[in-house]
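Got a structure here, written out as structure tokens. Questions coming.
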Amino acid sequence: MARSKICYVTMYEDHIAFAEALFRKNAYPIDVVFIDISEASLRLNALQAEGARIIIARGGVVSIIRQNCKLPLISLEYNFLDFFEPVKKAYQLSDKVAIMGWYNSINNFDKYKTLLNPSIKFVEFAETTEVDCEAYIEKEVAEAARQGIEVVVGGGGVVRAARRLGVTAVHVDISAESYLHSAKEALYTLQTWEDIQRRYELIDSVLNCAFEGAVTIDPEGRITSCNNIARRIFNLPRQNGDEKIYLLDYFPHREVIEKGKAGQKLTNQFFTVNNTQIVLNTEPLTIDGNNAGSVFMIHETDMILNLEKNIVKNAVSSGHYAKYSFEDIVGKSYVMQRIKGKAAKYANSSSPVLICGESGTGKEIFAQSIHNAGDRKNYPFVAINCAALPESILESELFGYVKGAFTGARSEGRKGFFELAHKGTIFLDEIGDLSPTVQAKILRVLQEKEISRIGDDKVIPVDVRVITATNKDLWKAVEEGKFREDLYYRVGVLNLTLPPLRQHKEDIPELLACLNERAGFPEKTFSEEALRILGDRQWRGNIRELSNFLERLDVTTGGTTVTAADIYEVLEISENPGDQYKINAGNGIRKVDGGYILHVLKQNSGNKKNTAKALGISTSTLWRRLKELNP
């Protein structure tokens with residue numbers, strides 16, 4: 001049976017119909033697969049044999065899959081807000097309530113759980129195996145009941161165990177938004193995986209087209225890649241799956257293998273292998289500055305060596321990728337072509353770029369496009385929103401920390417984003433929200449090209465291009481003493497100001513088509529009147545607002561042709577209806593949408609004099625217009 005390359009695996013039957021309908025509605029090529037816990041290992045192996053390449057799972061299923069499957073795994077995570085309604089329902093049944101489950105799969109749970117009822121009990125599950133997972137959950141539920149808990153709140157495993165024990169349970173489900181987020185992440189992961197596979201196939205083809213042999217080994221001496229000529233010279237067998245083949249067994253020169261394992265370079269060494277005389281050169285392989293073994297070349301070939309280094313580098317990438325290029329930026333208007341041309345010039349430089357623009361204008365897409373058009377495109381693109389994290393967390397995320405740097409730190413320490421972006425690009429969004437402390441540290445990175453992890457006195461050199469973005473007036477922040485002037489000049493060597501959508505409304509039809517296709521919605525045709533109404537709108541949220549509008553339109557309208565009436569219906573349900581009907585100055589009263597006139601009339605409690613004043617027209621004109629609306 002041919003499978004989709006992405007599978008959502010669940011052990012809770014109630015998830016199946018919901019997930020299938022959601023993925024189908026959004027045209028995501030994802031299979032929903034039910035697996036019984038007793039046969040998890042066999043079914044996961046079968047899925048891989050049938051073509052699955054990425055697995056999506058949730059809750060305790062994640063732990064089981066990790067122990068039984070080597071495929072990339074996307075964890076479908078609960079959101080803390082998913083718990084509010086279930087907890088409220090539980091307390092309607094009893095005041096002795098416990099939340100049970102794996103909290104490490106719940107976004108922001110530990111940070112915000114104090115917002116729940118103070119009397120609630122939290123039972124955090126430990127990692128389990130396939131054999132004892134259900135039994136383990138049942139034991140935990142039984143223990144909670146023994147301690148006086150009358151209602152348990154949790155996922156599918158908790159609910160099943162509670163039913164078997166006769167304990168009241170309230171199910172916590174994951175929101176549709178989380179499902180869609182995981183689906184998108186899986187699609188990006190699949191795209192990356194396929195790109196790496198294509199690179200492996202390419203390098204394999206190149207190696208086999210060469211006249212020289214090439215073999216790579218890791219620090220343990222195991223062969224990690226080999227071309228046909230090297231296989232013939234060394235008489236190497238073909239590898240099957242994860243089979244380990246050691247070069248020493250076929251090239252019995254221990255001193256050479258040891259140097260190769262240690263990443264030491266050898267030049268023009270002569271040997272005889274299987275009655276064949278060879279000239280051997282080795283070149284060390286490094287990943288993030290660490291020894292990764294060596295490449296053995298039978299006759300030196302720079303092209304093959306460089307390709308091999310690139311494929312190894314991509315295969316172990318940290319997962320930070322720039323997904324967009326200038327071809328993905330929609331807009332044929334003069335203003336958009338001009339700004340894209342300017343940004344393309346910036347791609348050829350390594351100088352810092354400051355991107356300014358209102359929210360929703362596409363600042364990160366431009367940052368990714370600049371990265372992908374430059375000579376750092378084969379290295380990481382690391383993005384972080386400076387306004388999304390408190391100062392203490394942001395600092396550790398940017399610069400990393402050493403073991404024991406603070407309470408809650410990982411025992412082994414952690415690299416920061418600047419280290420992860422080495423040789424590539426770091427994108428700091430909302431830079432205007434940085435604290436003075438973090439501003440000072442970033443200034444040092446730009447000046448000295450080095451960082452120090454929290455809790456460490458050592459400096460680490462970094463080669464990173466810095467692209468920043470803000471929707472604020474950064475110079476005004478400088479004048480108010482909220483942003484360092486020296487940092488302002490450092491990050492703004494190159495400046496890019498993105499135009500709001502209201503300055504290039506001629507791009508709206510193309511944007512609608514593109515956003516509709518990316519979202520997987522059915523193709524739509526907009527009437528001339530519908531496009532005129534959309535062109536009259538101010539679009540304060542820019543392209544993000546246009547995308548949200550399109551999503552609402554897909555939900556509220558069923559046809560493929562969008563009329564003015566459809567537009568009115570969607571705009572009427574907006575959170576800010578007063579803004580939905582605003583038009584460009586000079587359009588004239590007959591181009592003012594009737595819905596807007598009625599909205600202003602309602603705001604003024606039916607007072608026509610005040611309404612006419614608010615609209616900037618005479619009372620007689622208003623009376624005539626109202627008569628046209630209600631003949």
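Take Ala27 and tell me if it is free of Cβ contacts under 8 Å to residues at least 60 places away in the same chain and closer than 17 Å to Ile6 by Cα.
Details: free of Cβ contacts under 8 Å to residues at least 60 places away in the same chain: no; closer than 17 Å to Ile6 by Cα: yes.
It is false that Ala27 is free of Cβ contacts under 8 Å to residues at least 60 places away in the same chain and closer than 17 Å to Ile6 by Cα.
Residue by residue, here is whether (1) among the β-branched types (Val, Ile, Thr); (2) open to solvent by less than 70 Å² (accessible area, probe 1.4 Å); (3) more than 26 Å from the chain's Cα centre (by Cα); (4) on the phi > 0 side of the Ramachandran plot holds:
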{"residue": "Phe18", "(1), (2), (3), (4)": "no, no, no, no"}
{"residue": "Ala21", "(1), (2), (3), (4)": "no, yes, no, no"}
{"residue": "Pro29", "(1), (2), (3), (4)": "no, no, no, no"}
{"residue": "Val33", "(1), (2), (3), (4)": "yes, yes, no, no"}
{"residue": "Ala46", "(1), (2), (3), (4)": "no, yes, yes, no"}
{"residue": "Glu50", "(1), (2), (3), (4)": "no, yes, yes, no"}
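Residues checked against (1) within 41 Å of the chain's Cα centre (by Cα); (2) in a strand (DSSP E or B):
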residue: Ala230; (1), (2): yes, no
residue: Glu243; (1), (2): yes, no
residue: Pro252; (1), (2): no, no
residue: Glu255; (1), (2): no, no
residue: Gly260; (1), (2): yes, no
residue: Asn268; (1), (2): no, yes
residue: Phe271; (1), (2): no, yes
residue: Pro284; (1), (2): yes, yes
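Would a scan of segment 62-69 turn up a residue that is closer than 22 Å to Lys184 by Cβ and surrounded by fewer than 17 Cβ atoms within 10 Å (Cβ to Cβ)?
Residues of segment 62-69 closer than 22 Å to Lys184 by Cβ: 62, 65-66, 69.
Subsequent filtering for residues that are surrounded by fewer than 17 Cβ atoms within 10 Å (Cβ to Cβ) retains 66.
Checked segment 62-69: at least one residue is closer than 22 Å to Lys184 by Cβ and surrounded by fewer than 17 Cβ atoms within 10 Å (Cβ to Cβ).
A further question on this structure: On the basis of being open to solvent by 70 Å² or more (accessible area, probe 1.4 Å) and touching a residue at least 40 places away in the same chain (Cβ under 8 Å), does Glu506 make the cut? Spell out how you get there, then give the answer.
On the way: open to solvent by 70 Å² or more (accessible area, probe 1.4 Å): yes; touching a residue at least 40 places away in the same chain (Cβ under 8 Å): yes.
When the stated conditions are applied, Glu506 passes them.
Separate question: Would you be able to tell me the number of residues in segment 233-257 that are without any contact (Cβ under 8 Å) to a residue 12 or more places away in the chain and either among the basic types (Lys, Arg) or open to solvent by less than 90 Å² (accessible area, probe 1.4 Å) (or both)? Write out each step before concluding.
Within segment 233-257, the first condition is being without any contact (Cβ under 8 Å) to a residue 12 or more places away in the chain, and the residues that meet it are 237-238, 240-243, 249, 252, 254-255.
Remaining after also requiring either among the basic types (Lys, Arg) or open to solvent by less than 90 Å² (accessible area, probe 1.4 Å) (or both): 237-238, 241, 243, 254.
Residues in segment 233-257 being without any contact (Cβ under 8 Å) to a residue 12 or more places away in the chain and either among the basic types (Lys, Arg) or open to solvent by less than 90 Å² (accessible area, probe 1.4 Å) (or both): 5 in total.
Here is a further query. Scan segment 189-210 and give yes if some residue there is at pLDDT 80 or above, farther than 30 Å from Tyr8 by Cβ and open to solvent by 80 Å² or more (accessible area, probe 1.4 Å), otherwise no.
no
All but one of (1) open to solvent by 20 Å² or more (accessible area, probe 1.4 Å); (2) touching a strand residue (DSSP E or B) at 6+ places or on another chain (Cβ under 9 Å); (3) modelled with pLDDT under 80; (4) not polar (S, T, N, Q) hold for Ile304, so report the exception by its number.
(1)
How many residues are exposed (fewer than 15 other Cβ atoms within 10 Å of the Cβ) and modelled with pLDDT of 70 or more when one looks only at segment 564-578?
1
So which of Ile65, Ile30, Ile54 ends up being modelled with pLDDT under 85 and closer than 22 Å to Trp193 by Cα? Full working, then the answer.
On the way: Ile30 fails: modelled with pLDDT under 85; Ile54 fails: modelled with pLDDT under 85.
Result of the check over Ile65, Ile30, Ile54: Ile65.
Conditions (1) of a type in the set (A, V, I, L, M, F, W, C); (2) open to solvent by less than 30 Å² (accessible area, probe 1.4 Å), marked per residue:
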{"position": "Val353", "(1), (2)": "yes, yes"}
{"position": "Phe366", "(1), (2)": "yes, yes"}
{"position": "Asn378", "(1), (2)": "no, no"}
{"position": "Gly400", "(1), (2)": "no, yes"}
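Would you check if Tyr8 is among the hydroxyl-bearing types (Ser, Thr, Tyr) and in a strand (DSSP E or B)? Write out each step before concluding.
Details: among the hydroxyl-bearing types (Ser, Thr, Tyr): yes; in a strand (DSSP E or B): yes.
So Tyr8 fits the description; yes.
What are the residues in segment 514-530 that are in a helix (DSSP H, G or I) and open to solvent by less than 60 Å² (accessible area, probe 1.4 Å), if any? Steps first, please.
Residues of segment 514-530 that are in a helix (DSSP H, G or I), as a first pass: 514-519, 528-530.
Within segment 514-530, Cys514, Leu515, Asn516, Ala519, Ala530 qualify.
Could you figure out which of (1) at pLDDT 90 or above; (2) of a type outside the set (Val, Ile, Thr); (3) open to solvent by 20 Å² or more (accessible area, probe 1.4 Å); (4) over 19 Å from Gly357 (Cβ atoms) isn't true of Leu487?
Just one mismatch for Leu487, condition (3).
The values are calculated or read from the model by the stated rules, or taken from the named source; none is laboratory data. Because the structure is predicted, anything quoted here is derived from the model rather than measured. Note: ideal-geometry Cβ built from the backbone for every residue, glycine included; neighbour counts use all protein chains shown. Just the protein is used for accessible areas: all its heavy atoms, side chains included, with ligands, DNA and RNA removed. Shrake-Rupley method; radii C 1.70, N 1.55, O 1.52, S 1.80 Å.
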